[in-house]
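The values are calculated or read from the model by the stated rules, or taken from the named source; none is laboratory data. Keep in mind that this is a model prediction, so the values were computed, not measured. Cβ atoms come from the backbone with ideal geometry, glycine included; neighbour counts cover every protein chain shown.
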Amino acid sequence: MSADSQELRESSKLPEAPLAGADGRQRAAEVLRRAAGVSEVWTFVILVALVAFFTIAAPGKFFTTYDLTQIAVNAAIYLVLGVGMTFVIITAGIDLSIGSVLVLSAVAAGEYNIHHGGPEAGWGTVAVCVLIALAVGTGWGALQGAVVATGKVPPLIVTLGGLGAALGIAELATGGQDPAGAAAAHLQNSLGFGKLLGIPWLVILAAVVTAAFGAVLGGTRFGSHTLAIGSNPTAVRRAGIPVGRHLIKVYGLMGLLAGLGAVMWLSSYGTTSIAGHSTDNLKVITAVVLGGTSLFGGRGSVLGTVIGVFIPAVLTTGLIVIGVQQYWQDVAVGVVLVAAVYIDQMRRKTRERA
Amino acid sequence: MASAREPLLAAHGVVKRFGHVQALQGADFTACPGEVVALIGDNGAGKSTLVNVLSGVLAPDGGEVRLEGVPVRFSGPMDAQRHGVETVYQDLSLAPDLDAAANLYLGREMLRGGVWGRLGVLDRPAMRREAVRAFAELGVELKDVTAPVTTLSGGQRQSVAVARAVAFANKVIFMDEPTAALGVVQRSRVLETVRRVADRGICVVLISHNMPEVLSVADRVEVLRLGRRVASFTAADTTIEELVGAMTGSLDGPPQHDTARTGPAVTEAEEGR
Ligand SMILES: Nc1ncnc2c1ncn2[C@@H]1O[C@H](COP(=O)(O)OP(=O)(O)OP(=O)(O)O)[C@@H](O)[C@H]1O
Ligand SMILES: [Mg+2]
């Protein structure tokens, strides 16, 4: 703060009472605006409507602890990936490579595990495996971020290339077959199947990650710069913020969370599932966009992504419970996704005309 | 105010080449504290280039820039900002999805104290409070400093950009055509703001193609032609015809306008006000 703005503060002793009144009114206005204007409210309404529908359609079946836990476990990995994707999409970027990065991280950790004790590996090996998965994911993500930061290749292409390359390396390392003994029993029995007060550790982990990065996006300088870069990168650059370095961090964060996803996957399923992650990117991007994050950058929230992740999860479980073929879920999510982006576009237009 | 003043910002013989285009061929420029200086000239005269040199965006190929009498060489816009020199860009340079307070503090966010601050946690209440004060100081009424900047009117947005410069500048503000896209009412608001800022002792350098506007708000007018300062007028004593003549070169020669060579001798403007 310059000396002059200090002076400004001193010299403009505004009457405190009206200011406080304005503050209160402002807060009320803010709450109203948040409620009416923010797209996650609409998504939340859809989610509540779905839950209500299934609860009524299959009384006593849908709203049981079993289903809730199952929904949450299924959603946990997508949620962790979705948190990272929210940051990436807010910078007006995209990351198609997450499924491959997850596989690559899982393979790297799995190979280490196989050569250091296999299923009976000790806690030390488990710890190293976790670190390897996180490091591989972060490194790969940061590398993609560095290419994006040059501004020469669009993120879509960088991460499309990354998708192919990461999967290729994973297949080269394993011969294309999921190696046996990739996850230690210790890992599976603790993080994979363990519970705390009846809540699976996987769910707790996902909730902690979500809350932490939700706070980072909403309340820190890092989050604010992320939103600003998606909104107007030139202005951010002129304000002296190193945009390139920030993008490397954002894509690195996405990679880190893909690595964490690999750890969660290994602990939950005990295998690398090399062929099983080709549509992770679409699922996660769908969830983020359903949650109201704008593909054009500058707007979005982690809370929205949480809701966006749960809509497909609730649909799948709900359709099973009421006895409808669960493939209808894909149809429904597709329609809702297109509608969500359509509404986002309309809102953007009306706002800009105002 | 009318006492003999040290120029706040002075440029002498600034040269800037782009390939073989010589955008500035020994341009001079003078600005004093608390003064509104209009920088005018035909398209391609070198106005933007001069402002870019003076605000640290471009490095000059020759000549000297002095800030408060001390020779300076800015390494970039951030360096200039550290010296109290701010720029209002023609495109405003705002992040439309962020609110006015966040835009005001973009790149200079206020953080909480202690551990939270070290983790980069923003002190939003403080920023909003300061933003309300900063806007009030400029006579700008924003109903809601937490509304995204896109929802504001053009004039309000302009005011946010100006407020941003004003909040952090303590010496010089450059404004590249800040009223170009504005309606009559908004334009006068911005010009009022310019005047108010100058009255706080800050020097405002205004680029404009609008001659009546220049004459209504500026204390002095400096005219660039072909990369050189060709004239410097006291706004109160000149006419649009005279300005246009100096810009186009059709009025070349009359020595009484040639104050450029003798430096910032013109002070009647301040008495006139
Ligand atoms: N980056 C650049 N590369 C090459 N030439 C340039 C560059 N910037 C400016 N010039 C040249 O320098 C000269 C002065 O340009 P400048 O932008 O300073 O003019 P101006 O007075 O701001 O004009 P306008 O009123 O149109 O904004 C022009 O001949 C222009 O073509
Ligand atoms: Mg120009």
Problem - Condition check for B:GLU35: away from ligand 2 (no atom under 16 Å from the Cβ) and either within 14 Å of chain A (Cβ to nearest Cβ) or buried (at least 23 other Cβ atoms within 10 Å of the Cβ) (or both) - result: yes
Practice task
Run down A:SER278, A:SER301, A:SER267 and say which single residue is away from chain B (no Cβ under 14 Å) and surrounded by fewer than 24 Cβ atoms within 10 Å (Cβ to Cβ).
Solution key: A:SER278
Completion exercise
Looking across the range B:183-203 at residues that are within 14 Å of B:GLN158 (Cβ to Cβ) and within 14 Å of chain A (Cβ to nearest Cβ), the single one that is nearest to the chain's Cα centre (by Cα) is B:VAL197
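Is at least one residue of the range B:151-165 more than 30 Å from A:LYS349 (Cα to Cα), surrounded by 22 or more Cβ atoms within 10 Å (Cβ to Cβ) and more than 9 Å from chain A (Cβ to nearest Cβ)?
No.
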Exercise for the section: Please specify each residue of the range B:13-48 satisfying the condition of being without any contact (Cβ under 8 Å) to a residue 60 or more places away in the chain, near ligand 1 (Cβ under 10 Å from one of its atoms) and β-branched (Val, Ile, Thr). Expected result: B:VAL21
Exercise for the section: Considering only residues that are crowded, with 19+ Cβ neighbours inside 10 Å and not in a loop (DSSP other than H, G, I, E, B), look in the range B:49-63 and name the one that is farthest from ligand 1 (Cβ to nearest atom). Expected result: B:LEU54
Completion exercise
Per the list (1) assigned to a loop (DSSP other than H, G, I, E, B); (2) within 16 Å of ligand 2 (Cβ to nearest atom); (3) buried (at least 22 other Cβ atoms within 10 Å of the Cβ), residue check on B:LYS16 breaks on (1)
Fill in the blank from the handout: Scanning the range B:216-235 for residues that are closer than 18 Å to B:THR30 by Cα and away from ligand 1 (no atom under 16 Å from the Cβ), the one farthest from the other protein chains (Cβ to nearest Cβ) turns out to be B:PHE233
Practice task
Mind counting the residues in the range A:173-203 that are outside any helix (DSSP H, G or I) and under 27 Å from the mean Cα position of the chain (by Cα)?
Solution key: 12
Practice task
Assess whether B:ARG66 counts as being away from ligand 2 (no atom under 16 Å from the Cβ), farther than 18 Å from B:VAL204 by Cβ and within 14 Å of chain A (Cβ to nearest Cβ).
Solution key: no
Practice task
Identify the residue in the range A:184-206 that is of a type outside the set (Gly, Ala, Ser) and in contact with a strand residue (DSSP E or B) (Cβ under 8 Å, 6 or more places away or on another chain) and, among all such residues, is modelled with the lowest pLDDT.
Solution key: A:PHE193
Problem - Matching option when the condition is in a helix (DSSP H, G or I) and under 26 Å from A:LEU257 (Cβ atoms), among A:GLY93, A:GLY82 - result: A:GLY82
Exercise for the section: Considering only residues that are more than 14 Å from chain A (Cβ to nearest Cβ) and small (Gly, Ala, Ser), look in the range B:39-63 and name the one that is farthest from ligand 2 (Cβ to nearest atom). Expected result: B:GLY62
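Please go through the range B:92-107 and pick out each residue that is more than 7 Å from chain A (Cβ to nearest Cβ) and either under 20 Å from the mean Cα position of the chain (by Cα) or modelled with pLDDT under 90 (or both).
Correct list: B:LEU92, B:ASN103, B:LEU104, B:TYR105.
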Completion exercise
The one condition B:SER75 fails out of (1) within 14 Å of chain A (Cβ to nearest Cβ); (2) within 9 Å of ligand 1 (Cβ to nearest atom); (3) in a loop (DSSP other than H, G, I, E, B) is (2)
Completion exercise
Checked the range B:186-215 for anything more than 16 Å from ligand 1 (Cβ to nearest atom), touching a helix residue (DSSP H, G or I) at 6+ places or on another chain (Cβ under 7 Å) and among the aliphatic types (A, V, I, L, M); matches are B:VAL190, B:LEU191, B:VAL194, B:VAL197, B:VAL204, B:LEU215
Problem - Options B:ALA27, B:ALA11; residue that is away from every other protein chain (no Cβ under 11 Å), within 16 Å of ligand 2 (Cβ to nearest atom) and in a strand (DSSP E or B) - result: B:ALA27
Problem - Conditions (1) more than 16 Å from ligand 2 (Cβ to nearest atom); (2) more than 12 Å from B:ALA167 (Cβ to Cβ); (3) touching a helix residue (DSSP H, G or I) at 6+ places or on another chain (Cβ under 9 Å); number of the one not met by B:GLY84 - result: (2)
